[in-house]
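Peer 1: To start, I am sharing the structure in question, which I have written as structure tokens.
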Amino acid sequence: MKILIIEDEKELSKSIATYLKSEDYLCEVANTFHSALAKTEQYDYDCILLDITLPGGSGLEILKELKANKKMDGVLIISAKNSLDDKVKGLTLGADDYLPKPFHLSELSARIAAIIRRKKFDGNHLVKFNCISIDTQAKIVTIYNKHLELTKKEYELLLYFVSNKKKVISKNAIAEHLWGDGMEGNNDFIYTHIKNLRKKLFDAGQIDYIKSIYGMGYKFSDI
Amino acid sequence: MKLIVKYNRANAIATVIVLLLSAICYYFFIRAVLVHQLDKNVKVEEREITNYAKENNQLPEPTNYKDEQEEFLPATDAKTLRTFSTINIFNKQQDENVSYRQLQFGVNAGNKKYKIVIRRSLEETEDLIQLILTISLAIALILLVSLFLINRFLLSKLWKPFNSTLHQIKKFNLSGKEKIDLEDSDINEFKELNDAVNIMTNQVSQDYEEIKNFTENASHEIQTPLAIIKSKLELLSQSENLKEEQMDTIQSIYETTNRLSKLNQSLILLTKIENRQFTENDEVDISDITSKHLNNFEELITAKQINLSKDIKADVKLIINEDLAQILIVNLITNAIKHNYDDGCIQITLTTQSLNIFNTGIPLISNPSALFERFKKDKVTSDSLGLGLSIVKKICDRYNFDIKYSYADSIHATTINF
């Protein structure tokens, strides 16, 4: 999977690249408008992370260029300008998603995975982790071909974990992913969901994948 | 007190005092002049009598009219003192005192000494004075009334530019886009005032705009370093073999960074609402939004074993910015859940007129109305910014919704009347 990170803040693009590389993505970075334009013209990417404010031009111009050239790259806008104008503009211009800065890397990774899944044309909407198989279109989870009954939030939680496997995910990131802004800090709510999910996976014959990481959050891992 | 009233009052008092004083002076002056004239006539009479007595060695016939009386009396003293005086004599016919000017003097006629008394009635003089005074008082009164009326109309006309300027200043809204529009005046003072007001409002608007832009830019610029810190911390937390102590530290920095970022975003949002930067208003289905968000929190509500009862009328539509509508509803719902306790209850009623949310929760310590103020929170919990309700209030103010909050019998009640 090839990802292009168009972001002028070098430190931020470095962090993103490091995180995504550990998830087995191939990452390229463009720090200016012109280098970004050159790269998008030359290569195809599975997903492009696009900052709006760039030295040399607006990220929205790059998006327009992509759409004019009928490129099929997925586009995720990451902008410090949490202005709704940019969001609406970006999405109407054909961006797949919008994530305001500052974001959780785990959230970014989950959004990228979702975009890439949606962009796939072979109809493969399956996300697999060991014997857990998640059909992201039908929103069904099966273990050993047996249907696993999950509530909506448990399903979202599992998908989020699998999209960030072997990563420590903070409770705040989980809370924000599940309920959006306003619910962070209420860790007991998350705990209830995690407990239920854990139990259901265990009952389906799985080992305990969800590890509590002291003080920080959770990690979904089979080791 | 209005300027015009104060001015008129002072004016009236001054005019009345001056008129009264001048009337008194006038009375005495005219009286003096008239009496002097009368005395002159009396003196002419005296000379005639004296001359007649000298030439004829006898006195003439005394005249005796109502207003002109002469008395010739044989003198008892050696010499009669010549004196002028004013006396009152009771008139039986008219049943009143009549004033007379009287001169007495001595005359020798035919070796006899006489005391002559000449009296002239002052009645006519008094009548004249009275008439003159009445006329002058009438004129004074007319003058007073006309002055009052002129002042009234003239002043209100003169002050019109001032009042118009005042009205404009009162109407002036810093966050509004329209500039102050002052009426031209040909009066220098008001011209100066208008110029000063124009300069001041322009300056203030400009400063306001600059501060607004600065705040907005600063807030946006802060998000990028925050994003870097956050991403670095997230990477750092992936490291193997972290000690518990280090994990604690990382987590604490991470949470604080989150808080800072949320705080910043909330403040930007508040400023934007205040500056009326959410301009696109559409017909938004509030029922839909409410149901959607309640649905989103459904599992959370179940997990907390909160009893939710909802009565949401379908197709409740408002002309509002959709994003603000979402923020409004989400903030209210999350508040009702967050500040609730296990086994509590939430009751949400939506009608075309109002949205009512009743929920159980920890009793309120502070003043309910203070909750809408920024950074007011009832408990010291670090996970709450204390901006949620002030955002709700700002949105309600923006669309002239009436929001009420009350707490009674462990039930928090929030009502928004659209």
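The values are calculated or read from the model by the stated rules, or taken from the named source; none is laboratory data. The structure displayed is predicted, hence computed values, not measured ones. Cβ: placed from backbone, ideal geometry, glycine included. Neighbour counts: every protein chain shown.
Peer 1: Identify the single condition in (1) modelled with pLDDT of 85 or more; (2) in a loop (DSSP other than H, G, I, E, B) that B:P225 does not satisfy, given that it satisfies every other one.
Peer 2: Every condition holds for B:P225 apart from (2).
Peer 1: Moving on. Take the stretch B:230-248 and flag every residue that is more than 8 Å from chain A (Cβ to nearest Cβ) and at pLDDT 90 or above.
Peer 2: Of everything in the stretch B:230-248, those that are more than 8 Å from chain A (Cβ to nearest Cβ) and at pLDDT 90 or above turn out to be B:L233, B:L236.
Peer 1: For B:T290, state whether it is surrounded by fewer than 16 Cβ atoms within 10 Å (Cβ to Cβ), modelled with pLDDT of 85 or more and not charged (D, E, K, R).
Peer 2: So B:T290 fails the test.
Conditions tested, residue by residue: (1) on the phi > 0 side of the Ramachandran plot; (2) outside the structural domain of A:A173 (by TED's automatic domain parsing); (3) out of contact with any helix residue (DSSP H, G or I) (no Cβ under 8 Å at 6 or more places or on another chain).
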site: A:A17; (1), (2), (3): no, yes, yes
site: A:F33; (1), (2), (3): no, yes, no
site: A:K70; (1), (2), (3): yes, yes, yes
site: A:K87; (1), (2), (3): no, yes, yes
site: A:L93; (1), (2), (3): no, yes, no
site: A:P102; (1), (2), (3): no, yes, no
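Peer 1: Considering each of B:S146, B:S121 in turn, give the residue that is more than 29 Å from B:K272 (Cβ to Cβ) and in contact with a Phe, Trp or Tyr (Cβ under 7 Å, 6 or more places away or on another chain).
Peer 2: B:S121
Peer 1: Among the candidates A:S58, A:S133, A:S163, single out the residue that is within 20 Å of A:L4 (Cβ to Cβ) and in the same structural domain as A:S212 (by TED's automatic domain parsing).
Peer 2: Result of the check over A:S58, A:S133, A:S163: A:S163.
Peer 1: If you don't mind, another one. Search the stretch B:244-256 for residues that are assigned to a helix (DSSP H, G or I) and pair each with any residue that is among the hydroxyl-bearing types (S, T, Y) and surrounded by 14 or more Cβ atoms within 10 Å (Cβ to Cβ) when their beta-carbon atoms are under 9 Å apart and the residues are at least 6 apart or on different chains.
Peer 2: B:M247/B:S237; B:I250/B:S237; B:Q251/A:S170; B:Q251/B:S237; B:Y254/A:S170; B:Y254/B:S237; B:E255/A:S170
Peer 1: Check off (1) without any contact (Cβ under 8 Å) to a residue 60 or more places away in the chain; (2) not assigned by TED's automatic domain parsing to the domain that holds A:L50 for A:R111 and give me the number that stays unchecked.
Peer 2: (2)
Peer 1: Something else now. Working only within the stretch B:306-326, note down all residues that are closer than 25 Å to A:T151 by Cα and either among the β-branched types (V, I, T) or facing chain A (nearest Cβ under 10 Å) (or both).
Peer 2: Within the stretch B:306-326, B:I306, B:I312, B:Q326 qualify.
Peer 1: Go over the candidates B:E70, B:E61, B:E45, B:E55 one by one and state the one that is in the same structural domain as B:N111 (by TED's automatic domain parsing), in contact (Cβ under 8 Å) with a residue 60 or more places away in the chain and of a type in the set (D, E).
Peer 2: None of the others qualify; the one that does is B:E45.
Peer 1: Test each condition in (1) more than 9 Å from chain A (Cβ to nearest Cβ); (2) over 30 Å from B:R398 (Cβ atoms) for B:S205 and report the one that comes out false.
Peer 2: (2)
Peer 1: Among B:N335, B:N258, B:N331, B:N296, which is the only one that is under 25 Å from A:F189 (Cα atoms), surrounded by 14 or more Cβ atoms within 10 Å (Cβ to Cβ) and not assigned by TED's automatic domain parsing to the domain that holds B:E373?
Peer 2: Only one candidate passes the filter, namely B:N258.
Peer 1: Still on this model: Counting just the residues of the stretch B:262-280 that are facing chain A (nearest Cβ under 10 Å) and among the basic types (K, R), which one comes out farthest from B:E216 (Cα to Cα)?
Peer 2: Here the answer is B:K262.
Peer 1: Right, something else. B:T334: away from chain A (no Cβ under 13 Å) and either within 25 Å of B:N356 (Cβ to Cβ) or touching a Phe, Trp or Tyr at 6+ places or on another chain (Cβ under 6 Å) (or both), yes or no?
Peer 2: Taking the combined requirement at face value, the residue does not satisfy it.
Peer 1: Please identify the pairs in which a residue from the stretch A:153-168 that is touching a residue at least 60 places away in the same chain (Cβ under 8 Å) and over 16 Å from A:H104 (Cα atoms) has its Cβ atom under 6 Å from the Cβ atom of a residue that is of a type in the set (A, V, I, L, M) and in a helix (DSSP H, G or I), counting only partners at least 6 apart or on another chain.
Peer 2: Correct list of pairs: empty, since none qualify.
Peer 1: Working only within the stretch B:141-192, note down all residues that are in contact with a Pro (Cβ under 8 Å, 6 or more places away or on another chain) and of a type in the set (V, I, T).
Peer 2: Correct list: B:I187 only.
Peer 1: Look at the stretch B:281-305 and say how many of its residues are facing another protein chain (nearest Cβ under 9 Å) and among the aliphatic types (A, V, I, L, M).
Peer 2: Summing the residues that are facing another protein chain (nearest Cβ under 9 Å) and among the aliphatic types (A, V, I, L, M) in the stretch B:281-305 gives 2.
Peer 1: Let me ask something else about it. How do the pairs read when you match residues in the stretch A:202-222 that are free of Cβ contacts under 8 Å to residues at least 40 places away in the same chain with residues anywhere that are among the hydrophobic types (A, V, I, L, M, F, W, C), using Cβ under 6 Å and keeping only pairs 6 or more apart or on different chains?
Peer 2: Once the first residue is free of Cβ contacts under 8 Å to residues at least 40 places away in the same chain and sits in the stretch A:202-222, its partners that are among the hydrophobic types (A, V, I, L, M, F, W, C) give A:Y214/B:M247; A:G215/B:M247.
Peer 1: Name every residue in the stretch A:136-152 that is without any contact (Cβ under 8 Å) to a residue 24 or more places away in the chain and among the β-branched types (V, I, T), in order of residue number.
Peer 2: Within the stretch A:136-152, A:T136, A:I140, A:V141, A:T142 meet the criteria.
Peer 1: Condition first: among the hydroxyl-bearing types (S, T, Y) and surrounded by fewer than 19 Cβ atoms within 10 Å (Cβ to Cβ). Can you find one or more residues in the stretch A:179-202 that meet it?
Peer 2: Within the stretch A:179-202, one or more residues are among the hydroxyl-bearing types (S, T, Y) and surrounded by fewer than 19 Cβ atoms within 10 Å (Cβ to Cβ).
Peer 1: Do you know which of the residues in the stretch B:116-131 that are out of contact with any helix residue (DSSP H, G or I) (no Cβ under 8 Å at 6 or more places or on another chain) and assigned to a strand (DSSP E or B) is modelled with the lowest pLDDT?
Peer 2: Top of the filtered list is B:S121.
Peer 1: Quick one: count up the residues across the stretch B:107-126 that are farther than 13 Å from B:Q58 by Cα and of a type in the set (A, V, I, L, M).
Peer 2: 3
Peer 1: So how many residues does the stretch B:23-54 have that are of a type outside the set (D, E, K, R) and out of contact with any helix residue (DSSP H, G or I) (no Cβ under 8 Å at 6 or more places or on another chain)?
Peer 2: Counting residues in the stretch B:23-54 that are of a type outside the set (D, E, K, R) and out of contact with any helix residue (DSSP H, G or I) (no Cβ under 8 Å at 6 or more places or on another chain) gives 16.
Peer 1: Take the stretch B:132-171 and flag every residue that is surrounded by 13 or more Cβ atoms within 10 Å (Cβ to Cβ) and among the basic types (K, R).
Peer 2: B:R152, B:K160
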